[in-house]
1. In what sequence, highest mean first, do 82-93, 54-65 appear when ranked by Cβ atoms within 10 angstrom?
2. Set the Förster distance to 25 Å, then compute FRET efficiency between Ile92 and Ala2 from the Cβ-Cβ distance, nearest 0.05.
3. How would you classify region 1-68 from its alpha-carbon gyration tensor, with a ≥ b ≥ c the square roots of the eigenvalues: rounded for a/c under 1.5, else prolate if a/b is greater than b/c, otherwise oblate?
4. So between Val13 and Val72, what do we pick up on full extension, going 0.36 nm a residue minus the alpha carbon distance?
5. About its Cα centre, what dipole magnitude does region 31-180 give when the only charges are +1 on Lys and Arg Cβ and -1 on Asp and Glu Cβ, stated in debye to the nearest 20?
6. Applying a 10 Å radius around every beta-carbon, put 39-51, 139-151 in order of their mean neighbour count, most first.
7. Lysines within cross-link reach of Lys124: Cα-Cα under 28 Å, excluding same-chain residues under 8 positions apart?
8. Among (1) 1, 6, 9, 12, 13, 14, 14, 12, 9, 6, 3, 2, 1, 0, 0; (2) 1, 7, 13, 17, 19, 18, 13, 8, 3, 1, 0; (3) 1, 8, 16, 19, 18, 15, 11, 6, 3, 1, 0, which is the computed P(r) over Cα pairs in 5 Å bins from 0, in percent?
Amino acid sequence: MAIRKVVDKGIPVYFMHGNRDFMIGRQFANETGVEILKDPYPVTMYGQKTLLSHGDAMCIDDVQYQRVRKMVRDPDWQKSILAKPLKERLRIAAEARRQSLEQTINMSLSIMDVNQEEVVKVIKEYGVDVLVHGHTHRPDVHTVDLGNRKAKRIVLGDWYTQGSVLRWDLRGPKLQAMPR
């Protein structure tokens, strides 16, 4: 497995759940050697307090998505799904993707984006300078006005339409587009 080869070379690999891989757990971590991070995950990067997040929990205006998110991350729900035969689980997943596409095709981008007040609340709650997230997949670096100071919100792109990578060194974070 490619991930295990990287980890075995002494390069740490971290994983944070997204909206489709939320059931990845201990077995995957043991097989690959990755460390699964809680969402959100505070870390200090070159002296800057930073919060890593998938980002979907801040999309609070999408009430229907938040209901589904709560359901699928419930351990009892996950246990009941895992008890089903693989063929049935694959059918359920395909149906869920179909419904998701159907619902989001005509939905306003503002509803599917992070809620700005929620972003400010999260940044203040964790006392960070930088918030890094995906989920909305509109790569950009935003300035967040907190009143008494400014913070950055960095949004990572997806890998379907454009790739992006966040490179961080002593000069700070830099979001870069990746060629497809």
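Computed from the coordinates by the stated procedures, all read-outs in this text should not be read as laboratory data. Remember, it's a predicted structure, so these values are computed and weren't measured experimentally. Reconstructed Cβ throughout: ideal geometry from the backbone, glycine too, with neighbour counts over all protein chains shown.
1. Highest mean packing first, the order is 54-65, 82-93.
2. Working: r = 28 Å, r/R0 = 1.13.
That pair, Ile92 with Ala2, gives E of 0.35.
3. On the way: a/c = 3.55, a/b = 1.41, b/c = 2.51.
Oblate is the answer for region 1-68, as a/c is 1.5 or above yet b/c matches or exceeds a/b.
4. Full extension from Val13 to Val72 adds 18.7 nm.
5. Roughly 220 debye for region 31-180.
6. Details: 39-51: 15.6, 139-151: 12.6.
So the order, starting with the most tightly packed, is 39-51, 139-151.
7. Lys124 reaches Lys38, Lys49, Lys70, Lys150, Lys152, Lys174.
8. (2)
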